[in-house]
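Asks: Before I ask anything, here is the structure I am working with.
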Amino acid sequence: MDKLLIAGGVPLSGEVAISGAKNAALPLLCAALLTREAVTFTNVPHLNDIGTMLKLLAQMGVKVAREAARVGAGDTVTLDASGLDNAVAPYEMVKTMRASILVLGPLVARTGEAKVSLPGGCAIGARPVDQHIKGLTAMGAEIAVEHGYVHARATRLKGARLFTDMVTVTGTENLMMAACLAEGETVIENAAREPEVVDLANCLVAMGARISGAGGDVIRIQGVDALHGATHRIMPDRIETGTYLCAAAATGGEIRLTGASATSLDAVIDKLMDTGCEIIAERDAIRLKAPRRLTAVSIRTAPYPAFPTDMQAQFMAINAVADGTAVMRETIFENRFMHAVELIRLGADIKIDGNTAFVKGVPKLDGATVMATDLRASASLVIAGLVAQGETLIERIYHLDRGYEGLEQKLAALGANIRRVK
Ligand code: UD1
């Protein structure tokens, strides 16, 4: 199993290109299920999760054409779901990637039937999909949860007023996609406002859907009889962007990220400025210059536009070496501090009390062997490894390959001493 070996202590410097957003690409690929015409996506990141989703769609009878590009340039993927003949997402696929649940809404809307394995718990918490089921049921689907599968049937979904109990990103996306082909108007209240929801809505509109309000907490969808093909460029990955900004900040570096957008990163940029970093947002790029020592920043995760849970772990790495004490509150997932114990192995001073972490900055971290437990936890260990004195060996890096395209190449281009070892 591959491991990542990092010799820390080098301030990152230089320029790298940001890839397309994983969390935008996954629902977008599923949107192609909604039409018999071909849909083309550009700026698709080259990641394991994308490969898994394409394999799942291919199993369903979707024709997949992928033109691979060099790291950072973005693949072009064309999906043709005219021959869709198997509306099943089996356990073997869903267990490796929870986002497989995103096929449920489009499948039942287009074919009248879907069978999707119920995702289990995962490293960061229970993560149920009850809201997806509640919404589709309100739209008239008959849903049975049996033998570990969600089995949904509907002759034609009907528009409805939907209210989710909490803000759910993939829940909003699933229901918005399903509503595009429903009869009449659907209103999603308490909708997720994440930029990835807006990117999906923009593509659906290009495919002929009638959607208004995406980006706000009430989304209205007028159902249409059919959608058509389109070409859509996937938005830049705001979490990858934030991760490189944190890596540069923690190492006292100076970097420029191209193909990046600052507009979807306000909460993160605000906090990085509080640490003492200088940040300049250009039209399609972001520059960061770190101070000699960072100031600790307290954060509380919450749905967009507040501070993203997917950046919490990376900020814990920053706070671990900053001046002062930070209070970090995680409100989205109940078990998202696994990186803390690994950071402690590198010398960090962190105390956990329920959903709150108290991080007291220390002057230095020391390299050690650590284990990645989920995607963003791995990213925080990479940042800590780049800061630590001596060598850090990170095990189980398959988690990183799920969400960071060309991580070693990009970090090496910024001067980091990093390589994959067996
Ligand atoms: C998405 C992102 C993930 C990010 C998360 C929160 C994708 C592919 N993944 O995950 O990277 O960390 O948003 O920003 O976009 N919940 C329920 N019932 C449901 C749905 C959700 O109880 O039916 C709960 C979850 O357990 C969690 C909270 O709601 O506590 C938010 O989850 P949700 O926004 O749905 O996360 P995902 O869409 O799975």
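The values are calculated or read from the model by the stated rules, or taken from the named source; none is laboratory data. Just so you know, these numbers come straight off a predicted model, no measurement behind them. Neighbour counts are summed over all protein chains in view; Cβ atoms, including those assigned to glycine, are modelled from backbone coordinates with ideal geometry. Surface areas here come from the heavy atoms of the whole protein model, side chains and all, with no ligands, DNA or RNA. Shrake-Rupley method; radii C 1.70, N 1.55, O 1.52, S 1.80 Å.
Asks: List the residues whose amide H sits under 5 Å from the amide H of A21, counting only those 5 or more places along or on another chain, with H placed 1.01 Å from N in the peptide plane.
Replies: Here the answer is M235, D237, since their amide H atoms fall under 5 Å of that of A21.
Asks: Just to confirm, what accessible area per residue do you get for the chain at 1.4 Å probe, in whole Å²?
Replies: Details: 16200 Å² over 422 residues.
The answer is 38 Å² per residue.
Asks: Something else about it: Would you kindly derive the ³J(HN,Hα) couplings of region 357-367 from the backbone phi angles with the Karplus curve 6.51 cos²θ - 1.76 cosθ + 1.60 (θ = phi - 60°), listing them in order in whole Hz, with x for Gly and Pro?
Replies: So the J values, rounded to whole Hz, are 10, 10, 10, 9, x, 10, x, 8, 10, 10, x.
Asks: Any idea which of S100, G148, A248 is furthest toward the positive side of the dipole for the chain, if Lys and Arg beta-carbons carry +1 and Asp and Glu beta-carbons -1?
Replies: About the Cα centre, the residue reaching furthest to the positive side is A248.
Asks: Put H399, H132 in order of accessible area, largest first, 1.4 Å probe: what do you get? Don't skip to the end; give the middle numbers.
Replies: Values: H399 30, H132 10 Å².
Result of the area sort, largest leading: H399, H132.
Asks: Dipole size in debye (nearest 20) for the chain around its Cα centre, Lys and Arg Cβ +1, Asp and Glu Cβ -1?
Replies: Values: 43 positive and 46 negative charges, 73 e Å.
I would put it at about 360 debye.
Asks: Next up: Between region 147-168 and region 345-422, how many Å separate their Cα centres?
Replies: 39 Å
Asks: Tell me, what HN-Hα J-couplings in whole Hz come from the Karplus equation 6.51 cos²θ - 1.76 cosθ + 1.60 at θ = phi - 60° for each residue of region 159-168, using x for Gly and Pro?
Replies: 3J(HN,Hα) across region 159-168, in whole Hz: x, 7, 8, 10, 9, 8, 5, 9, 6, 10.
Asks: Still on this model: Output wanted: per-residue J couplings in Hz (rounded whole) for region 45-62, from phi through Karplus 6.51 cos²θ - 1.76 cosθ + 1.60, θ = phi - 60°, x for Gly and Pro.
Replies: So the J values, rounded to whole Hz, are x, 8, 9, 4, 5, 5, x, 5, 5, 5, 5, 4, 5, 4, 4, 7, x, 7.
Asks: Sticking with this one: How much of the accessible area of the chain, in percent, comes from carbon and sulfur atoms when a 1.4 Å probe is used? Intermediate results must be reported in sequence, preceding the final value.
Replies: Working: 7930 of 16200 Å².
Taking all protein chains in place, the chain shows 49 percent carbon and sulfur surface.
Asks: In what sequence, largest accessible area first, do M1, M338 appear using a 1.4 Å probe?
Replies: Values: M1 165, M338 35 Å².
The most accessible residue leads, giving M1, M338.
Asks: Before rounding to the nearest 500, sum -39500 (n - 2.57) across all DSSP H runs of length at least 4 in the chain and divide by the residue total; then give [θ] at 222 nm in deg cm²/dmol. Each step should come with its number before you reach the end.
Replies: Details: 14 runs with 130 residues, N = 422.
Dividing the helical sum by the residues of the chain leaves -9000 deg cm²/dmol.
Asks: Can you compute the FRET efficiency between T258 and E183 using 1/(1 + (r/R0)^6), with r the Cβ-Cβ distance and R0 = 51 Å? Round to the nearest 0.05. Could you put the intermediate results ahead of the total?
Replies: Numbers: r = 45 Å, r/R0 = 0.88.
Plugging the Cβ-Cβ distance into 1/(1 + (r/R0)^6) gives 0.70.
Asks: To the nearest 20 Debye, how big is the dipole of region 39-126 about its Cα centre, given +1 on the beta carbon of each Lys and Arg and -1 on that of each Asp and Glu?
Replies: On the way: 8 positive and 7 negative charges, 24 e Å.
That gives a dipole near 120 debye.
Asks: Using amide H atoms built in the peptide plane, which far-off residues or other-chain residues are under 5 Å from G159 H to H?
Replies: Hits under the 5 Å cutoff: E183, G184, E185.
Asks: Hey, could you grab the Kirkwood Rh for the chain? Inverse mean 1/r over distinct alpha carbon pairs, Å, one decimal.
Replies: Values: mean 1/r = 0.0459 Å⁻¹.
By the Kirkwood definition, the hydrodynamic radius is 21.8 Å.
Asks: Could you pull out every residue, at least 5 positions away or on a different chain, whose amide H is within less than 5 Å of the one on M371? Hs are placed 1.01 Å off N in the peptide plane, and Pro or chain starts have none.
Replies: E395
Asks: If you place +1 on the Cβ of every Lys and Arg and -1 on the Cβ of every Asp and Glu, how big does the dipole about the Cα centre of region 68-114 come out, in debye to the nearest 20?
Replies: Working: 4 positive and 5 negative charges, 46 e Å.
So the dipole magnitude of region 68-114 works out to roughly 220 debye.
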